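Here's the structure, in structure tokens; my notes come after.
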Amino acid sequence: MPIPQEIADSLTAVGGVPGLDARLPDGESLVAASLVHHALSEPLRLKIAHALAVQPLCVCVIKEIVGIADSKLSYHLNQLKKAGLIEGDQQGSWIIYHLTPLGERCMAMGYPPFE
């Protein structure tokens, strides 16, 4: 079955399927993007990211904001860390979480777009 002429013409203009494939992100970039989307697909993690966009916070404040048990909070913070969106810095007996540059870019883009 032939493809529509408009698609065939535009595909030819980019060098066929190999040319189109060369324009796509590499596998490593797709995995990284998938981790970010997964991390921010959970409303609670998105809330944590938005709170950290306002200012760096310790775990006790984050816990108060989201209202969940320590073990669940640890899981969600680890998901955000795994995606490269947040980091925690040890300050005495406290861990202060903040957005990474990637996290700041995601939040500055209005992730997700609310309007």
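The values are calculated or read from the model by the stated rules, or taken from the named source; none is laboratory data. Keep in mind it's a predicted model, so treat the numbers as computed, not measured. Using ideal geometry, Cβ is built from the backbone for each residue, glycine included, and neighbour counts are taken over all protein chains shown.
Couple of notes before you dig in:
- Condition met for I62 (β-branched (V, I, T) and part of a helix (DSSP H, G or I)): yes
- Some residue of the stretch 28-46 being within 17 Å of the chain's Cα centre (by Cα), among the acidic types (D, E) and exposed (fewer than 10 other Cβ atoms within 10 Å of the Cβ): yes
- In the stretch 64-107, residue surrounded by the fewest Cβ atoms within 10 Å (Cβ to Cβ) [restricted to those that are touching a residue at least 40 places away in the same chain (Cβ under 8 Å) and small (G, A, S)]: G84
- Residue within the stretch 93-106 that is assigned to a helix (DSSP H, G or I), within 30 Å of P2 (Cα to Cα), out of contact with any Lys or Arg (no Cβ under 9 Å at 6 or more places or on another chain) and among the small types (G, A, S) present: no
- Cβ-Cβ under 7 Å pairs, at least 6 apart or on other chains, the stretch 17-45 side closer than 16 Å to L102 by Cα, far side in a loop (DSSP other than H, G, I, E, B) and of a type in the set (F, W, Y): L40/Y111
- Take the conditions (1) assigned to a helix (DSSP H, G or I); (2) out of contact with any Asp or Glu (no Cβ under 9 Å at 6 or more places or on another chain); (3) small (G, A, S); (4) at pLDDT 95 or above; G84 misses just one of them, which is (1).
- Qualifying residue in the stretch 13-32 (condition: in contact with a helix residue (DSSP H, G or I) (Cβ under 6 Å, 6 or more places away or on another chain), more than 22 Å from Q90 (Cβ to Cβ) and not in a helix (DSSP H, G or I)): yes
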